[in-house]
Number of protein chains: 4
Amino acid sequence: MTAPLGAGLIGAGWMGAFHGESLARRVPGARLAMVADPAPGAAARLAGPAGGRATTDPAELIADPEVEAVVIAAPARFHADLVVAAAAAGKAVFCEKPMALTLADADRAIAAAERAAVPLQAGFNRRFDASFAAAREAVASGRVGTPQLLRSLTRDPAVPGGFDPARVPPWTIYLETLIHDFDTLRYLNPRAEAVSVYAVADALTRPDWKDRGLLDTSVVTIRFDNGAMATAEASFHAVYGYDIRGEVFGSAGMVTAGDVRRDTMTCYGEAGAASATWRRNVDLFRDAYVAELAEFTACVREKRTPPVTGQDARAALAIALAAIRSVQAGAPVRMADIETAPAAAR
Amino acid sequence: MTAPLGAGLIGAGWMGAFHGESLARRVPGARLAMVADPAPGAAARLAGPAGGRATTDPAELIADPEVEAVVIAAPARFHADLVVAAAAAGKAVFCEKPMALTLADADRAIAAAERAAVPLQAGFNRRFDASFAAAREAVASGRVGTPQLLRSLTRDPAVPGGFDPARVPPWTIYLETLIHDFDTLRYLNPRAEAVSVYAVADALTRPDWKDRGLLDTSVVTIRFDNGAMATAEASFHAVYGYDIRGEVFGSAGMVTAGDVRRDTMTCYGEAGAASATWRRNVDLFRDAYVAELAEFTACVREKRTPPVTGQDARAALAIALAAIRSVQAGAPVRMADIETAPAAAR
Amino acid sequence: MTAPLGAGLIGAGWMGAFHGESLARRVPGARLAMVADPAPGAAARLAGPAGGRATTDPAELIADPEVEAVVIAAPARFHADLVVAAAAAGKAVFCEKPMALTLADADRAIAAAERAAVPLQAGFNRRFDASFAAAREAVASGRVGTPQLLRSLTRDPAVPGGFDPARVPPWTIYLETLIHDFDTLRYLNPRAEAVSVYAVADALTRPDWKDRGLLDTSVVTIRFDNGAMATAEASFHAVYGYDIRGEVFGSAGMVTAGDVRRDTMTCYGEAGAASATWRRNVDLFRDAYVAELAEFTACVREKRTPPVTGQDARAALAIALAAIRSVQAGAPVRMADIETAPAAAR
Amino acid sequence: MTAPLGAGLIGAGWMGAFHGESLARRVPGARLAMVADPAPGAAARLAGPAGGRATTDPAELIADPEVEAVVIAAPARFHADLVVAAAAAGKAVFCEKPMALTLADADRAIAAAERAAVPLQAGFNRRFDASFAAAREAVASGRVGTPQLLRSLTRDPAVPGGFDPARVPPWTIYLETLIHDFDTLRYLNPRAEAVSVYAVADALTRPDWKDRGLLDTSVVTIRFDNGAMATAEASFHAVYGYDIRGEVFGSAGMVTAGDVRRDTMTCYGEAGAASATWRRNVDLFRDAYVAELAEFTACVREKRTPPVTGQDARAALAIALAAIRSVQAGAPVRMADIETAPAAAR
């Protein structure tokens, strides 16, 4: 019987809290050894019931010998440095999306993991959702032929981080939200890469936020090097629920995944038929969040390469940066031009 | 170019009116030559716009040389005599369900059509619904194997004939409504016949009508001679719409047909997902009602045997009579015992 | 009893044939008085069974005193001139899409109808589909709030006119196919107009046709003056069926319409659950095709303005022309720039 | 921080194994203290990784002071005695269905738990499925009015215990399978009790087993004291998957729950639309199995009465016994006659 993997969690916000509970109870072969969060008491509240230790200093967690793997759920602006530090300390790394906010930082993170020869997994949970995984399997097995038209959308009942523009960074819709869709489109269009990106965006729900840089609605068109055309779409104000869907149309068929209807209960009355909808990502993606950490744990223990790599994180980031550039320019942007460009202003 | 078939319609109630308009405009190869209805003016209102003639006397219609085929949509108690008279006059006959109210009358009607060698088609429209026909095709082609469990249900938003127990005959739920389901079960279980029937029934919506013989809810269990077990179910008070569904479970799979949702529009709001439902049989079965008359017309013109025969009408009636007997007896009834039984009291 | 409207049909191809049969049998208050088609015998084959006359000369049809209304289903390049001629002759006009291929021609057609004070209806049949009409009603009644994200797609099992690039004009995907989606987006976003258009397109199924100008796949992004962002999408090679769907996301909810599943029959076997799909537009839109002519007939007889106007035809055409321009330029195009532009090369 | 509840598991078959893993890892506030199973090594294989102890003797487990609650997943014929013994030892009891095979045994078990004042929960997991719970909530809140027609069905891809008639007890279809549906019907028809039962059954898939008493297909009709009519249906040979559905039709509407389609992925190809289906109960009911133990654990710790009581177990058993009697008699059976009847021969 192998001892469970000692996991250290950095960040005890809502995502960190869920990951912490997963490591403590839901992920086979893992244990929550330590939690780091700057907020007083936050780490202890999470680590305590699991028998783990707490700190306010991520560096202490990274250095701790009981911590074999680091799970990063801190704010995005710290991600790249934390990956570099954890990798440098020889720890396996799971990093929430976005792994970095610039390509240079993404490259630094990837290089650090390669140099240290530690596993590095990016937190694109949708790849672990049963329906999206089945869609990918349908594509990979050739059932839909060569992908030609793709769609991925995210509609959030509320802006991530709450509706406080002072706390929500500009370009959040691309760097935090649509980055999931960019990864999903790559996942559903295997072996293809983006060639050009065109994005339109606005603050439709809260026009007053537009001046403060907070866009809440966007449509992005992406061309891939296998000819496929993809659309990614996001809104931060879906009053009807948490709506995540994907679609791949190809030369031999189509596959769809996702439904905002929450369960199989339908109620029929004088007003017609009614079904309930998903309201929170932790409800819709509960199993996927656990599965990505279970796979990460298994990869570390079995010395396998994680299925979502640092390169995947970089590729989705590059599309997000191209979308930002496209909105700024009001024109399509070639991915080749993103590689050499200076970082978007934050 | 053959001249269109001259059709005579007996009965200008709502079903007759729809059939009349179909014969006038929707059915290829037919024309509405004449309408008979005892209500003053009813026949003329229907026949006039189509260039047909009107009468209050069915016998006159049956005798008219322009009338080549008779469509019977009069009240059920007149059906058998009208079939006999029309057949005796050498006219092709389409008769709404139930073709008769006793087996003796059904036999008389069948014998008259055979003697005159005229086509006789029974008005089981569900066989002409695209989804039910596709289900039958799935069964007939072997896709679901040998049928083992079947279900057919009818839920009406309102009792046929309006909620006036003085005008609704007793046992209407079996003779007018569930007779559709009994035919559907035979249609979906080809080459099998009913062996025994058990029915429970009540007046749940209007308990005061129970004493007056008007049952509004029933569940019927039928065993077939191929071993299959079937359930037929009806209610006269579906507040959510007009709900018609069928299901066949067999040794190699299952097929389902029917959905109370009316179209593909779904509206999502704070309360969840909502769809509209069917409200009237003429909306749900519009195409099926037209198709059954089109098939009848084609059969007459091409001298083919209609696909829903007098024997089909008799077989469904026999199950209805067995269900009535079962309710009266509070026990299962063998079909064999129905054949020799006196008619149910009306 | 008013006499039925005498309708003259120009064009006896498959769409014309369907319209001709509708005028002859399915549309209340109309009759097929005459058919014009240059192909020898085509007009007679269609008009004969309906008791109508035939000609190879549209001008003869337009001039005929029995023809009160002209239904134009000729090839698109003749549409505008035929509208002008019919209007000049004082005839009501129903014109299949596209009503014109240039804005100047569209303006000529509109002006001719206005000058003659005759009704002019454009053939956007999806507005008459029950599900799309219900979606529009949901939007118009405010159930989804202000539209913010829209989608309309057309996936055809085969390129219109057959896969002969010699016979399919360039830009067909915009002028013949996506023009439906452009109209649908306007229909589902009432009182808003397009502001800018960005289109990507390719010949993915038949790359060899790209040089011959036949594009088979396209994604179009449209911004509207109420802030809404819309996507229109088309393919000429959907092996799984005829797939037409629409979606409106707004500040108060979402509405969806369309489903490629053909009926409610589902078959479950060892391989899972299976449903049949729509294969032909005349099957999916049969009722809508009839309904648009019924509404046109009613408008003519009741002297009402048709619900789909020449201005609607012009607005959808303008978006199509902008999409063509965008593909040529590889950049977004402002609608304002289309108004003064020379026509796209054909 | 309260210490976790020490749970002892009796029975390490597939259901026991799943419950054991749930107690070890998935159920908050519980731990797997001990496992008892007569098969050499079975208990140790399950308890070991969780740090629990193993025994072949249930009595030893029941007597162990670390065991505060006993979870019974042994074969059904041992259930009642184990409940009595565990209760007598002052332990809280969770017992898989059926809790007993005779009403006398059920009464003994209930009396033992009452005497000892220990919580007793019956293993009707469907009550903890999100969709069935939502259906119940819809009924309880009055959204469907008074239940009038109900349906519950279980279709298993394979007979429980494998297709060995020597090992499958007679009447398994009622005592092990349909007992779930009987409970579901009571759950969906709150405050009503069964009045009479009529059952038909056969060995349709394996006719040769009929003589050996193994029925594989059954339809049961139940009348309730609130007038409702219910159908329960089971088959042991659903080649298309694990199909569990429920439906309640009432005076104010209808609610449905359950769908054999496994996820939201649909694949469209030349053959139409295709979806995958559930294949195993542990996949479909994974969350429900965990939730029932989590609720049991919470009830024990918070000294609440469990939501599924010994009386619920007895009531479902009584319906099962009535169904058996009905098959034997070929006639409907009144529930009142079951209470005083001798046990069915096993």
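I'd like to verify a number: residues in the stretch C:1-11 that are in contact (Cβ under 8 Å) with a residue 24 or more places away in the chain and over 17 Å from the mean Cα position of the chain (by Cα), how many? First the steps, then the outcome.
Going residue by residue through the stretch C:1-11, those that are in contact (Cβ under 8 Å) with a residue 24 or more places away in the chain are C:2, C:4-11.
Next, from what is left, pick out any that are over 17 Å from the mean Cα position of the chain (by Cα): C:2, C:4-8.
Result for the stretch C:1-11: 6.
Scan the stretch A:15-22 and give yes if some residue there is within 20 Å of A:Asp287 (Cβ to Cβ), touching a Ser or Thr at 6+ places or on another chain (Cβ under 8 Å) and not assigned by TED's automatic domain parsing to the domain that holds A:Val168, otherwise no.
Taking the stretch A:15-22 first, the residues within 20 Å of A:Asp287 (Cβ to Cβ) are A:15-22.
Narrowing the set further to residues that are touching a Ser or Thr at 6+ places or on another chain (Cβ under 8 Å) leaves none.
Checking the stretch A:15-22: not a single residue is within 20 Å of A:Asp287 (Cβ to Cβ), touching a Ser or Thr at 6+ places or on another chain (Cβ under 8 Å) and not assigned by TED's automatic domain parsing to the domain that holds A:Val168.
Given the conditions (1) in contact with a Lys or Arg (Cβ under 7 Å, 6 or more places away or on another chain); (2) closer than 29 Å to C:Pro207 by Cβ, and given that C:Glu176 satisfies all but one, which numbered condition is not satisfied?
Among (1) in contact with a Lys or Arg (Cβ under 7 Å, 6 or more places away or on another chain); (2) closer than 29 Å to C:Pro207 by Cβ, the lone unmet condition for C:Glu176 is (1).
Taking C:Met15 as the residue in question, decide whether it is more than 14 Å from chain B (Cβ to nearest Cβ), over 30 Å from C:Trp171 (Cβ atoms) and modelled with pLDDT of 95 or more. Before the answer, list the steps.
Values: more than 14 Å from chain B (Cβ to nearest Cβ): yes; over 30 Å from C:Trp171 (Cβ atoms): no; modelled with pLDDT of 95 or more: yes.
Against the criterion (more than 14 Å from chain B (Cβ to nearest Cβ), over 30 Å from C:Trp171 (Cβ atoms) and modelled with pLDDT of 95 or more), C:Met15 does not qualify.
Would you confirm whether any residue within the stretch A:28-48 is basic (Lys, Arg) and within 14 Å of chain D (Cβ to nearest Cβ)?
First, the residues of the stretch A:28-48 that are basic (Lys, Arg): A:31, A:45.
Next cut, within 14 Å of chain D (Cβ to nearest Cβ) only: A:31, A:45.
Yes, the stretch A:28-48 has at least one match.
If you check B:Thr264, B:Thr205, which single one turns out to be touching an Asp or Glu at 6+ places or on another chain (Cβ under 9 Å) and without any contact (Cβ under 8 Å) to a residue 12 or more places away in the chain?
From the options B:Thr264, B:Thr205, the qualifying one is B:Thr264.
So, in the stretch C:184-194, of the ones that are under 16 Å from C:Thr154 (Cα atoms) and of a type in the set (A, V, I, L, M, F, W, C), which residue ends up surrounded by the most Cβ atoms within 10 Å (Cβ to Cβ)?
Kept after step one, since they are under 16 Å from C:Thr154 (Cα atoms), are these residues of the stretch C:184-194: C:184-188.
Cutting the leftovers down to of a type in the set (A, V, I, L, M, F, W, C) gives us C:185, C:188.
Numbers: C:Leu185: 27, C:Leu188: 29.
My answer is C:Leu188.
Here are the criteria: (1) buried (at least 24 other Cβ atoms within 10 Å of the Cβ); (2) within 14 Å of chain D (Cβ to nearest Cβ); (3) more than 30 Å from B:Val144 (Cα to Cα). Tell me which single one C:Cys267 does not satisfy.
Going through (1) buried (at least 24 other Cβ atoms within 10 Å of the Cβ); (2) within 14 Å of chain D (Cβ to nearest Cβ); (3) more than 30 Å from B:Val144 (Cα to Cα) one by one, C:Cys267 breaks only (3).
With respect to the numbered conditions (1) away from chain B (no Cβ under 14 Å); (2) free of Cβ contacts under 8 Å to residues at least 60 places away in the same chain; (3) over 16 Å from the mean Cα position of the chain (by Cα), which one is the sole condition not fulfilled by C:Arg136?
Just one mismatch for C:Arg136, condition (1).
Specify which of the listed residues (D:Asp259, D:Asp337) is farther than 30 Å from D:Ala30 by Cβ and either within 14 Å of chain C (Cβ to nearest Cβ) or under 17 Å from the mean Cα position of the chain (by Cα) (or both). Can you show your working first?
On the way: D:Asp337 fails: either within 14 Å of chain C (Cβ to nearest Cβ) or under 17 Å from the mean Cα position of the chain (by Cα) (or both).
Of the residues listed, the single one that is farther than 30 Å from D:Ala30 by Cβ and either within 14 Å of chain C (Cβ to nearest Cβ) or under 17 Å from the mean Cα position of the chain (by Cα) (or both) is D:Asp259.
Answer with yes or no whether A:Ala320 is in contact (Cβ under 8 Å) with a residue 24 or more places away in the chain, farther than 30 Å from B:Ser275 by Cβ and not assigned by TED's automatic domain parsing to the domain that holds A:Leu23.
Working: in contact (Cβ under 8 Å) with a residue 24 or more places away in the chain: yes; farther than 30 Å from B:Ser275 by Cβ: yes; not assigned by TED's automatic domain parsing to the domain that holds A:Leu23: yes.
So A:Ala320 passes the test.
For the stretch D:14-43, which positions are among the acidic types (Asp, Glu) and surrounded by fewer than 24 Cβ atoms within 10 Å (Cβ to Cβ)?
D:Glu21
Take C:Phe182 and tell me if it is of a type in the set (Phe, Trp, Tyr) and either at pLDDT below 95 or within 18 Å of the chain's Cα centre (by Cα) (or both). Even if it seems obvious, please write down each step before you answer.
Details: of a type in the set (Phe, Trp, Tyr): yes; either at pLDDT below 95 or within 18 Å of the chain's Cα centre (by Cα) (or both): yes.
Yes.
Working only within the stretch A:195-253, note down all residues that are farther than 24 Å from C:Val333 by Cα, surrounded by 24 or more Cβ atoms within 10 Å (Cβ to Cβ), of a type in the set (Gly, Ala, Ser) and more than 8 Å from every other protein chain (Cβ to nearest Cβ).
Passing the criteria: A:Gly246, A:Gly250.
Name the residue that is modelled with the highest pLDDT, counting only residues in the stretch A:159-178 that are farther than 20 Å from A:Gly241 by Cβ and assigned to a loop (DSSP other than H, G, I, E, B).
Among those residues, the one meeting the criterion is A:Trp171.
Within the stretch C:298-313, how many residues are touching a helix residue (DSSP H, G or I) at 6+ places or on another chain (Cβ under 8 Å) and crowded, with 20+ Cβ neighbours inside 10 Å?
Residues flagged as touching a helix residue (DSSP H, G or I) at 6+ places or on another chain (Cβ under 8 Å) and crowded, with 20+ Cβ neighbours inside 10 Å within the stretch C:298-313 amount to 5.
The values are calculated or read from the model by the stated rules, or taken from the named source; none is laboratory data. All values reported here derive from a predicted model rather than from experimental measurement. Cβ sites come from the backbone with ideal geometry, for glycine too, and all protein chains shown count toward neighbours.
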